[in-house]
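One structure below.
The values are calculated or read from the model by the stated rules, or taken from the named source; none is laboratory data. These figures come from a predicted structure and were not determined experimentally. Counting neighbours? That spans all protein chains shown, and the Cβs are built from the backbone with ideal geometry, glycine included. Ligands, DNA and RNA are excluded from the accessible area calculation, which covers all protein heavy atoms including side chains. Shrake-Rupley method; radii C 1.70, N 1.55, O 1.52, S 1.80 Å.
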Amino acid sequence: MAEIKWDRDTCTRCSMVISDRRFAAEMRGGEKGIVFKFDDIGCAMFWLAQRPFNEETPKSEYWVADYHSGDWIDARRAHYLAGPKSPMGYQFAALAEAAADTVPYPEMKARILARGK
C-alpha cells in the first residue's frame, strides 16, 4: 500500500481530491507496478474496465478501506454494502466481514458497471 495524502491526492479516474477515508481504494498493477488511487470504488471499477490489466492480473494488489474501521482490506475479498453515500455516488461501502445486506465483489462490480457511468 502506498500512503494516501488525504485532502491532497486525487483520484486516478475523476481527479477529485481523496478526502473520505471510508471509500478510498488503491491498486498496484501493470508492468511497472504503479500505484493508482481512487476516491470511490466505482471510479476504480470503470478505470479498470479500460485497462489491459485488472484485479485478476498476476501480481496485482487491490485494496479498499473498510467502511467502519478504515483498515485496508483486499478489495476482491471484501463484502459490499449498497446504500451509503459515496464521493462519486456509486453508493457501495466495503466491509471486512459479511453482513445480512452485503454482496460479494463480483456482484458489486457487475452492478456498478451496469450503470454505464
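Going by the structure shown, is ASP20 over 22 Å from GLU107 (Cβ atoms) and either open to solvent by 50 Å² or more (accessible area, probe 1.4 Å) or touching a helix residue (DSSP H, G or I) at 6+ places or on another chain (Cβ under 6 Å) (or both)? So ASP20 fails the test. Among residues of the range 100-115 that are free of Cβ contacts under 8 Å to residues at least 60 places away in the same chain, those with a beta-carbon under 7 Å from a residue that is among the basic types (Lys, Arg) at least six positions away or on a different chain give the pairs TYR105/ARG76.
Counting the residues of the range 52-83 that are surrounded by 20 or more Cβ atoms within 10 Å (Cβ to Cβ) and either on the phi > 0 side of the Ramachandran plot or of a type in the set (Gly, Ala, Ser) (or both) gives 3. For the range 52-63, the set of residues classified as assigned to a loop (DSSP other than H, G, I, E, B) and out of contact with any helix residue (DSSP H, G or I) (no Cβ under 8 Å at 6 or more places or on another chain) consists of PRO52, PHE53, GLU56, THR57, PRO58, LYS59, SER60, listed by residue number.
Which residues, counting only those in the range 89-99, are outside any strand (DSSP E or B), closer than 19 Å to SER69 by Cβ and either in contact (Cβ under 8 Å) with a residue 24 or more places away in the chain or not acidic (Asp, Glu) (or both)? Those that are outside any strand (DSSP E or B), closer than 19 Å to SER69 by Cβ and either in contact (Cβ under 8 Å) with a residue 24 or more places away in the chain or not acidic (Asp, Glu) (or both): ALA96, ALA98, ALA99. Scan the range 1-26 for residues that are part of a strand (DSSP E or B) and within 24 Å of GLY83 (Cβ to Cβ) and the total you get is 3.
Matching residues to (1) modelled with pLDDT under 95; (2) closer than 20 Å to ALA99 by Cβ:
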| site | (1), (2) |
| --- | --- |
| ASP9 | no, no |
| VAL17 | no, no |
| PHE23 | no, yes |
| GLY30 | yes, no |
| PHE38 | no, no |
| ASN54 | yes, no |
| PRO58 | yes, no |
| TRP72 | no, yes |
| TYR80 | no, yes |
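Among the residues of the range 1-43, the one identified as without any contact (Cβ under 8 Å) to a residue 12 or more places away in the chain and of a type in the set (Ser, Thr, Tyr) is SER15. Going by the structure shown, is SER86 among the small types (Gly, Ala, Ser) and crowded, with 18+ Cβ neighbours inside 10 Å? Here the answer is yes, as SER86 does meet what is asked.
Checking SER86, SER69 one by one, the residue that is without any contact (Cβ under 8 Å) to a residue 40 or more places away in the chain, in a loop (DSSP other than H, G, I, E, B), within 20 Å of ILE18 (Cα to Cα) and not aromatic (Phe, Trp, Tyr) is SER69 and no other.
Counting only residues that are open to solvent by 10 Å² or more (accessible area, probe 1.4 Å), of a type in the set (Gly, Ala, Ser) and either within 22 Å of GLY89 (Cβ to Cβ) or part of a strand (DSSP E or B) (or both), the range 27-51 holds 1 of them.
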